[in-house]
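Structure, as C-alpha cells:
Laboratory data are not the source of any read-out in this text; all were calculated from the coordinates shown. Please read these numbers as outputs of a predicted model, since none were measured by experiment. No Cβ is skipped: glycine too gets one built from the backbone with ideal geometry, and neighbour counts run over all protein chains shown.
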C-alpha cells in the first residue's frame with residue numbers, strides 16, 4: 001500500500017473524483033475534510049503521509065491558514081486551486097508547499113505531482129540531515145571550500161558558502177537564482193567539485209545560446225539519420241555528464257516542449273535521444289536563471305511542475321550593489337591575478353579609485369568588476385591603479401536651444417540600440433522575432449555584447 005493521503009476539499013464532486021483517482025492508484029485515503037476545522041480534527045487523530053489542500057475553503061479559514069499546522073507535523077502538502085493568478089501563487093508559495101495543482105485536474109497530473117512531492121520530501125529530509133553537519137563556523141574551514149573562488153567578507157557570501165557545502169553533501173537538484181554576472185556558474189562548479197561526483201565531468205549548457213530547434217539534440221543527442229542534417233550519431237550533454245553534473249544555465253530560456261522532457265529526466269532518470277531508444281542516466285542537475293520564474297509561470301512560459309522539481313534546494317545570489325563589503329576584496333584578489341599574469345608590479349588602488357568602485361552600482365555585477373580590473377591592469381603603467389573607466393548609467397540631457405547636446409560614445413550608442421531592440425521583442429533574445437534576428441546578428445554574439453556592455457533585464 002502506498003502513502004496515506006488526506007484530501008481537504010469543500011467541493012463534493014472534486015473531492016470524490018480525487019479519492020477515486022488515489023484509491024485506483026493504490027493510495028490509502030483518509031475521510032475527506034471539507035473545512036479547516038474538520039482537517040484539524042483528522043490531523044489530531046489520524047496523521048496522513050501527504051495532504052492535498054484546497055486553498056479556498058468554506059468559512060473564515062483557508063487552506064493557507066491550515067498550512068502552518070500541517071508543517072508542524074512535518075507532513076508534505078500540495079495546494080489545490082481553481083485560481084492560478086500570480087498573487088495567489090505568491091501567497092501560497094510563502095507557506096512552502098510541495099506542489100500546486102490547478103483545477104480541473106487530470107489524473108496523470110495528480111499522480112505525477114504526488115510522486116514529485118514524495119521525492120521532494122525525502123530529499124528535504126536528507127538535506128536537513130546534511131545541514132546539521134555544517135552549523136559551526138569551524139566546519140566552513142575544514143571542508144576547504146573557503147569562498148569557493150570568490151573573495152569577500154559580506155554576510156551574504158558566508159551564507160552562500162554554507163549552502164554550497166550543504167548542497168555538495170547531497171544529491172538533490174539545485175536551483176541558483178540571481179542577476180547576470182553574480183557568479184551562478186562559479187557556485188554550480190563549487191557544488192560539483194566538492195561533492196562525491198567531483199572527479200567526474202561537469203558539463204555546462206547555456207540554454208539561451210542554443211537554438212530552440214537544436215536544444216533537444218544538444219541535451220539528449222540524436223541517432224544518425226534521425227532528421228535532415230543528422231549525418232552522424234551525436235552524444236548529448238546528459239550522456240557526456242554521466243556520473244557527474246550537468247549545469248543548465250539560463251533555464252528560464254528553455255522552450256516548453258523541452259521542459260517536459262527535462263521533467264522526465266528528473267523523475268525517471270532516463271533520456272531519449274532524437275530517433276533513438278530510452279536509456280538511463282546518472283546525472284545530477286544544477287540549474288540557474290536570472291529570470292523571475294514565478295512571473296514566467298504566470299505568463300505560461302515555464303512549467304509549474306518543473307519549477308517545484310528544481311526548487312528543492314534554491315540558492316539566491318545577491319547583486320554586488322547589495323554587498324558592498326565584497327567589492328574591494330574581489331578587486332584586490334583579481335588585481336593580484338591579472339598583475340601576475342601580465343608580469344606587472346601593481347600593489348593596489350588609489351583612494352579615489354576605491355571610492356569610485358564602492359560608489360558604482362555594478363549592473364553587470366561581479367563579472368563586470370572582474371572585466372574592469374583586467375582592463376585597468378593592462379592600462380596601468382605604475383604601482384597604483386589611479387584611474388578606471390566605467391560606463392555612465394544615467395545621462396541627464398541638456399535642455400535649452402542654445403546648449404549643445406552631450407555626445408554619446410560608440411559603446412553608449414550600441415548599448416541603447418540593443419536595449420531598444422530588446423524592449424521591442426519583450427526581451428526575447430533568439431528565435432523568430434527575437435532581438436538577434438532584428439539586429440541581423442548571431443544570438444551568441446548578441447549575448448556576448450550584452451555581457452560586455454553590462455546589459456541585463458533588471459537594468460534594461
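Below are the figures for this structure:
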| read-out | value |
| --- | --- |
| Helix-only [θ]222 nm of the chain, DSSP H runs n ≥ 4, -39500 (n - 2.57) each, per residue, nearest 500 | -13000 deg cm²/dmol |
| Kirkwood Rh (inverse of mean 1/r, distinct Cα pairs), the range 410-459, angstrom | 10.6 Å |
| FRET efficiency estimate (nearest 0.05) - Cβ-Cβ, residue 294 to residue 424, R0 25 angstrom | 0.55 |
| Sorted by Cβ density within 10 Å, fewest first, the residues 437, 316 | 316, 437 |
| Volume per residue that the Cα convex hull of the range 4-127 spans, once the total is divided by residue count, Å³ | 100 Å³ |
| 20 Å binning of all Cα-Cα separations within the chain, expressed as whole percents from 0 upward | 20, 49, 26, 4, 0 |
| Separation in nanometres of the label points that stand 7 Å from Cα toward Cβ, at residue 355 and residue 261 | 5.6 nm |
| Residue exposure sequence - 272, 30 - by fewest surrounding Cβ within 10 Å | 272, 30 |
| Convex hull volume of the range 321-385 per residue (C-alpha atoms, cubic angstrom) | 73 Å³ |
| Order of 22, 111, 214 - criterion: other Cβ atoms within 10 Å of each residue's Cβ, fewest first | 214, 111, 22 |
| Cα-derived Rg to Rh of the range 67-121, Kirkwood definition | 0.96 |
| Mean separation of Cα contacts under 8 Å (6+ apart) over length of the chain, as relative contact order % | 12 percent |
| Area projected by the alpha carbon convex hull of the range 148-318, averaged over all directions, nm² | 9.9 nm² |
